[in-house]
Amino acid sequence: METQTSYLRLLAAGSNARGQLANGSDYDSHTFKECCFINCTQDTLPHNTLGILQLATGANHTLALLEFGDGRRELWGCGDGRKGQLGPQYMGQLTEFTPISIPLYQTYASRGYTCCLIAAAWETSYLVLKSPSRSDVVISMGSNDFGALGVGTKQATATPAVVSFDHLTIKGHSINPNELVVESIVAGPRHVILHVRAGLNNGDSLIGWGLARHGQLGDTKIVNYDRPHIISLDVSSDPVQICSLGLQHTIVCHQSGRTTAFGSNKKGQLHRMDSWGRVRQVGCTWNGTYLLTDDDENTLISTGSNTHGQLGRESQVEENGITVGPVEFTLSHDGKLPSLRSLACGSEHVMAVISPSDSLDMEVWGWGWNEHGNLGLDHTDDVLKPIKIWPARGHVLEGRIARVWAGNGTSWILLQI
Amino acid sequence: MGAYYDEIEIEDMAWDEVKSVYHYPCPCGDRFEISRKQLANCEDIATCPSCSLIIRVVYDPLDFEDESPDDEGSASQESEEDEEEDDNSDDDQFEDALEKLTLTEPSAALVAAAA
């Protein structure tokens, strides 16, 4: 398609102490404001942008992987770069989205590699590069707290580095470095997990590193892994569909629709999370778990911490204080639940894209901790049950909701206008 | 429960060599910070500079009782080493810390940015 008949706007609200909202300032925003992309027409995405493939959020930095009409992909970033999480070129603070330039990446790009996946831990960024008929390459950059870089702790460096998987064996076979395929990469603040296929014989594996002492990487024998470690979960018979990571726990959703949950259960974030079937989406706040089940009721189950309304429902008082139950969306006038399209979990708040009953319109609803105005409602009171946050009252922008993301006290909406 | 956002074991905190504080992520993107001196004084509340949340740090006071009032340094760089018993005198601790101190280029940039 040569002619661009629509264009994209990215909106963001919430914490902005280092410019991570890309609105040109470092003040928190209690309403959704358009993100700025450097050298671009005011408040729109770069010319010929097809979409944002992925948005990854760290403590105070944001990465966006843009896809263009000609098939190109570009990594843009903003916010805090002091630990090297935005690459070696921007070690200060960016208040607008800026193309990220990394010499190490350029080396691979000249050999036909493209950045296809991104993730962000607290102050560490991860890129997965792919090239046809070559092994995938994983690059990490930023802080190495708790071994976040995955390259060992001898090198306390922020400089971008290639993560090696050569030391790993799966079922007695060494990973063939020429056959590594990364299906997905997901990061919580302190640990990261890759869903990997390593050659025809090795099948699927989950590989992770970072903080491990709560069992979030499968066992508690070690405080943290500073290099890739294979998570001892058998995924051969029921392959991984998606993973989601909280602060100290991990949820794996399998192709069958069942889930495996491990890590800390201190806040009840694992409670009964392995007793559901037909799960099609999972999300994790830092201390909570959310499962979207594929049943007639279109139910969103939540469990974990509810100190700020994160569970989106009143907690029933039980003996151990732990509850599992559905998020309470407002029923339509005929008593029906809305259709849930997608889910985005931030650190202590959640957003959901819904269609009201019997409608194809889309809205964004949100709930949970709102101290930084991250729900975009122009106030900072916690929201204990889901309410509509977009379209927002008084906002003149229209457009189809394309994607939503949620970060550390931040909320993001991509509109196609 | 109650006033604390969370109760955090010190093994989950990272050590900031530059600011000489232990730190833990706050959901707003800032961090809870606490110094060795505070822990030695049995102060176990860490606050976030950017919001109302506070955490209580769970730790063994014996690990910090030989902290002199003005001594902020001598902590190891990686937090997983915090378990070890400290039998050295303050002078030995300081010398050990100097030996362990590594400065790489990004860290230097950090110091410059913070100055």
Among (1) in a strand (DSSP E or B); (2) surrounded by fewer than 22 Cβ atoms within 10 Å (Cβ to Cβ); (3) of a type outside the set (A, V, I, L, M, F, W, C), where does A:G24 come up short? (1)
(1) outside any loop (DSSP other than H, G, I, E, B); (2) open to solvent by less than 50 Å² (accessible area, probe 1.4 Å): which one isn't true of A:E74, the others all being true? (2)
Based on this model, can you work out whether A:T31 counts as open to solvent by less than 50 Å² (accessible area, probe 1.4 Å), among the β-branched types (V, I, T), in a strand (DSSP E or B) and touching a Cys at 6+ places or on another chain (Cβ under 8 Å)? no
In region A:101-153, the residues that are under 25 Å from A:C243 (Cα atoms), among the small types (G, A, S), part of a helix (DSSP H, G or I) and open to solvent by 10 Å² or more (accessible area, probe 1.4 Å): none
Subset tally (residues that are part of a loop (DSSP other than H, G, I, E, B), surrounded by 17 or more Cβ atoms within 10 Å (Cβ to Cβ) and more than 14 Å from every other protein chain (Cβ to nearest Cβ)) for region A:44-61: 3
Complete set of residues in region A:155-173 that are at pLDDT 80 or above, touching a Gly at 6+ places or on another chain (Cβ under 9 Å) and not in a loop (DSSP other than H, G, I, E, B): A:A161
Considering every residue within region A:103-115, establish whether at least one is away from chain B (no Cβ under 14 Å) and touching a residue at least 60 places away in the same chain (Cβ under 8 Å). no
If you check A:G84, A:G79, A:G147, A:G152, which single one turns out to be over 25 Å from B:E11 (Cα atoms), touching a residue at least 60 places away in the same chain (Cβ under 8 Å) and either in contact with a Gly (Cβ under 8 Å, 6 or more places away or on another chain) or within 14 Å of chain B (Cβ to nearest Cβ) (or both)? A:G79
Answer residue from region A:196-244, given it is away from every other protein chain (no Cβ under 14 Å) and touching a Pro at 6+ places or on another chain (Cβ under 6 Å) and is surrounded by the fewest Cβ atoms within 10 Å (Cβ to Cβ) among those: A:D204
Out of the residues in region A:369-417 that are within 14 Å of chain B (Cβ to nearest Cβ) and of a type in the set (A, V, I, L, M), which is nearest to A:L247 (Cα to Cα)? A:A406
I'd like the residue in region B:6-19 that is modelled with pLDDT under 95 and part of a loop (DSSP other than H, G, I, E, B) and, out of all such residues, is surrounded by the most Cβ atoms within 10 Å (Cβ to Cβ). B:E17
Any residue in region A:129-144 that is closer than 24 Å to A:T157 by Cβ sitting within a Cβ distance under 7 Å of a residue that is charged (D, E, K, R) and in a strand (DSSP E or B)? List the pairs, counting only those 6 or more apart or interchain. A:D136/A:K130
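The values are calculated or read from the model by the stated rules, or taken from the named source; none is laboratory data. Values in this document were obtained by computation on a predicted structure and should not be read as measured data. Backbone-built Cβ (ideal geometry, glycine too); neighbour counts: all protein chains shown. With ligands, DNA and RNA removed, areas are computed over all heavy atoms of the protein, side chains included. Shrake-Rupley method; radii C 1.70, N 1.55, O 1.52, S 1.80 Å.
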